[in-house]
Amino acid sequence: MIRTGLVRALSKLGESTSRAWQSTSMRELSSSTQTFAPVMPNFSYVPVPYTGPSAEKVLQLRKTYLSPSLSMHFRKPVMIVEGKMQYLFDEKGRRYLDAFAGIVTVSAGHCHPEIVKAVNKQSELLQHTTTIYLNNQIAEYAKELADKMPGNLKCVYFVNSGSEANDMAMMLARAHTGNWDMISLRNGYHGMSMATMGACGHSTWKQPVPQSFGILHAMNPDPYRGLFGNDATKYAADLQDLILTATSGRVAGFMAETIQGVGGATPLVQGYLPAAYKIIREAGGICIADEVQTGFGRTGTKYWGFENQGVQPDIVTMAKGIGNGLPLAAVVTTPEISASLTKRLHFNTFGGNPVCSAGGRAVLRVLDAEKRQEHCGVVGAHLLKRLNQLKDKHSIIGDVRGQGLMLGVELVKDRHTKEPAKDATVEAMERMKDMGVLMGKGGLFGNVFRIKPPMCFSKDDADFLVDVMDEALNKL
Ligand SMILES: Cc1ncc(COP(=O)(O)O)c(C=O)c1O
């Protein structure tokens, strides 16, 4: 009680003081007052003074002119006007630890200087022509991305979003196999276009309009909530049964994430993907790995999420972290599969434009130079350990899961019934925000903290996050 009160008081005080001081205020104030309030790691950066409209005005504009179906995290909205690496700043200069990275999108870090430099340099030279002329950026980028892929995944299509990438992948699967039925997983998320909404396995994300033509949803191999627990063979048997009973017996393909992001950082039972890929290929289909969230080393052990299950997909889709915030996405497949689309032209106005390509190339360089995959492994393992210790302390934590810097903490009212603690999740998130941590939320029932920060997130940040979560859960 006293501790939370103090943290709130410190936050309020911080809002009315000078900007330079605010960027390190949590540590200084906490130590000077000898409190036990969790202390945000120091960061000597002074945000640029914000001179735009107030948060209230922006909220009003948003309500009047933007889609009413947009959702906002937090009961009292946060306005973010600046970002530096793993930290965000609101309009008053208050610093937050970003544990969600613009929904798993800021991979290298907010406004990473190398990426900003590459984008600015290209912006001054040439921004756009499309692919009707030669340009070095898209060609060199395609090679550099293909070099990151295993096997014969050497043909790259650049698009602008994960939804577009998954649309494209499903079209390739259908064009290549001549079959129509696609299979995805319940609790999966693949985008908001008509086709990809159909592939999603979440009522939350399905508008009540006709969709899912030719898309079937297999049982989710979810180790925590799945009917068959950790038994990969039983989930694979369901997939086989689905093909035998709900399709002609021949399918176009199968699409899955390796850790379901929107679905609450839910990993697929180990051994499921090899079994599923075999079944799909025997039914004439091809296998698509949706790496929109799990790619580029975020899982720590491997560069691509699917490699953690030892499979080789026929198509890989990627977005989000590929551009560190630039509107950039890609589909990578084999030359044989891509040949299936040569009966007609295929075109995307912005896909791989020079600015995004220059930025995407810089992302690849930065992630390698800063050894971010290894870093995600080390920091992620530390964070996972600390979160599991928190689980021992708080019975409301039903499950701690994930890999690298792609982690989930599921809150339940009762560990036995697993009844989702939805309201408590919202309440705890709000408290964590008040203490300076911006957390993600997800899962079918909206009761999972999603921890997927920029990949430069440090061990100290991890400790701070866990201390803040502890404090927030203490007060529920
Ligand atoms: C796994 C996955 N696939 C696809 C998408 C769709 O990406 P976009 O929002 O860029 O269309 C998302 C978005 O959250 C995602 O998490």
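The values are calculated or read from the model by the stated rules, or taken from the named source; none is laboratory data. These numbers were taken from a predicted model, which means no experiment stands behind them. Glycine gets a Cβ as well: all are built from the backbone with ideal geometry, and neighbour counts include every protein chain shown.
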(message) Can you tell me which residue is farthest from the chain's Cα centre (by Cα) among those in segment 268-299 that are within 15 Å of the ligand (Cβ to nearest atom) and charged (D, E, K, R)?
(response) D290
(request) Would you check if there is a residue in segment 182-192 being surrounded by fewer than 23 Cβ atoms within 10 Å (Cβ to Cβ) and either assigned to a strand (DSSP E or B) or away from the ligand (no atom under 16 Å from the Cβ) (or both)? (result) no
(request) Could you give me the residue pairs with C-beta distances under 6 Å whose first residue belongs to segment 173-200 and is assigned by TED's automatic domain parsing to the domain that holds L244 and within 22 Å of L341 (Cα to Cα), whose second residue is away from the ligand (no atom under 11 Å from the Cβ) and among the aromatic types (F, W, Y) wherever it lies, and which are 6+ apart or on separate chains? (result) I183/F254
(request) Return the total of residues in segment 413-448 being in a strand (DSSP E or B), of a type in the set (A, V, I, L, M) and within 24 Å of T258 (Cβ to Cβ). (result) 1
(message) Here is a check on your reading of the model: is A421 under 18 Å from L97 (Cβ atoms) and aliphatic (A, V, I, L, M)?
(response) no
(request) Pull up segment 148-181, narrow it to residues that are near the ligand (Cβ under 10 Å from one of its atoms) and in a loop (DSSP other than H, G, I, E, B), then point me to the one that is surrounded by the most Cβ atoms within 10 Å (Cβ to Cβ). (result) N160
(request) Filter the helices (runs of 4 or more DSSP H) completely within segment 101-147 down to those with at least 3 residues that are at pLDDT 95 or above and touching a helix residue (DSSP H, G or I) at 6+ places or on another chain (Cβ under 6 Å). (result) 113-125, 136-146
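For (1) on the phi > 0 side of the Ramachandran plot; (2) within 16 Å of the ligand (Cβ to nearest atom); (3) of a type outside the set (F, W, Y); (4) out of contact with any strand residue (DSSP E or B) (no Cβ under 9 Å at 6 or more places or on another chain), each residue gets a yes or a no:
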site	(1), (2), (3), (4)
I322	no, yes, yes, no
T334	no, no, yes, no
S338	no, no, yes, no
G360	no, yes, yes, no
L364	no, no, yes, yes
Q389	no, no, yes, yes
R401	no, no, yes, no
